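So the structure is just underneath, and the comments pick up after that.
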Number of protein chains: 2
Amino acid sequence: MKLIQAIVVTATAVISLGGAMLSWAADESYDSTSVFGGNLPSGYRDWKLISVAHEEGKLNDIRAILGNDIAVKAYREGKLPFPDGAIIARIAWSYVPSEENNRAFGRAQSFVAGTPTNVQFMVKNSHDYASTGGWGYTQFSGGKSTHVDVQACYGCHVPVKDRDFLFTRYSP
Amino acid sequence: MKLIQAIVVTATAVISLGGAMLSWAADESYDSTSVFGGNLPSGYRDWKLISVAHEEGKLNDIRAILGNDIAVKAYREGKLPFPDGAIIARIAWSYVPSEENNRAFGRAQSFVAGTPTNVQFMVKNSHDYASTGGWGYTQFSGGKSTHVDVQACYGCHVPVKDRDFLFTRYSP
C-alpha cells in the first residue's frame, strides 16, 4: 500500500483548461496524501453543512459539502480569501432512486444517497500550498487515503479563483 | 397573518394511502405551528448532516436532512424508537443546473442548490404527539411558520413505521 505518493513539480507547467491557458511555476515537492498524515481528519462527519449537489455522468453521485468551523464562518461572513486552517469536505454517495419514497409520493421522483463513493478535502494553508492557490487537495476512499493529482485539482478550480477557488456557494 | 392554525381532529379518520387503509382515532387539538412557538428552532442550520436527497416533479428540489444531537446519536446507534427530544430538519433548495460547474467538468452534469424553498421539522415527543406516531410535524418558509396538515404528514410516514416513521436513512 502506497501511503506516500509524491508529486514533484520541477518546472513551469502550462495547462489548458476550457480554452484558458493557465501557468504557474513550482519547485517544491508536494505530498498529496500527507495532508492529514494519511488519516481522515477527526470529526469531519460532524462538520456543518455548506451545501449539496448532484453530479450526473461518470460520477453519478449525490454529495454534501461540509466545512470545519473556520470554513463555515468564512462562508457565512463572505470572507475572502479564506483564512488558513479552513477545511472543506466533499462527501459523495452513489445516486439511487428510492422506491420506498416513490411509493409515498405516488410517483417516481425521489433519489437518495446510496453507498459512499469518496471524500475529498480542500485544506487552506497559504504557505504550504502556495503553488496550488493556497489550498491543499486530498481524497479518501473507504477511509483510506487515495492519490489525487493536486495540480489537476488546482487547474480545475482556477476558473473560480475570484471566490478563492471554491466552486460551492453557501446555501442558507 | 395567521400565526396559529389549529387542526382539530374530532373523529376517527380513515385515510387511503397507496392502497393501504390506515385508521386512527384522535380527539385532541393539534396546533402544528406552535411546535417551536412559531419560530425556527435555534441553531438548526448548525446541526449535523444525516443525509441528502433530490426530489423531481413538483418539488424539484435538492435537500439535506439534518438532526439535533439526540437525533444523530440515535441514527448512528441504530436506536429505535427515537428518544423524546430528537428533532430532524429537512432543508430544501431549488434544484438548478450549474453552468459554472459544467464548464469545469466539460459537460452538462452538475446540479446545485438554488434558493431555499422551505424547512420541515419532525419533533419527537411520544406524549404530546401520540396521535401522530410520537412525532410532531412543522414547516417554515422564509423563516416563518407555515401551515402543514400534520395528519397527512403522519399518514405518509406510516409505511416506515418500523423505522419509527423516518424515511431518511443515515448516510455514513
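The numbers here are math on the coordinates, done by the rules we state, and not lab data. On a predicted model such as this, the values are computed, not experimentally measured, just so you know. Cβ atoms come from the backbone with ideal geometry, glycine included; neighbour counts cover every protein chain shown.
Any idea which of B:THR138, B:HIS157, B:SER51 is furthest toward the positive side of the dipole for region B:47-163, if Lys and Arg beta-carbons carry +1 and Asp and Glu beta-carbons -1? The residue sitting most towards the positive pole is B:SER51.
Among A:THR138, A:THR117, rank each residue by its count of other Cβ atoms within 10 Å, from fewest to most, as a rough exposure measure.
Values: A:THR138 25, A:THR117 19.
So the ranking, lowest neighbour count to highest, is A:THR117, A:THR138.
Here A:GLY85 yields copy-to-copy label distances, from shortest upward, of 3.1 nm, the label point defined as 7 Å from Cα along Cα to C-beta. The same position A:GLY43 in the other copies lies at 1.3 nm from this copy, comparing label points 7 Å beyond Cα toward the beta-carbon, shortest first. For the pair region B:99-172 and region A:97-172, the centres of their Cα atoms are 23 angstrom apart.
Between copies, A:GLY143 shows label-point distances of 4.3 nm, shortest first, with the point placed 7 angstrom from Cα along Cα to C-beta.
The trypsin sites (Lys or Arg not before Pro) of region B:56-141 that DSSP puts in a loop, and whose beta carbon has at most 11 other beta carbons within 10 Å, are B:LYS58, B:ARG107. Across all directions, the average flat footprint of the convex hull enclosing the Cα atoms of region A:32-163 is 9.2 nm².
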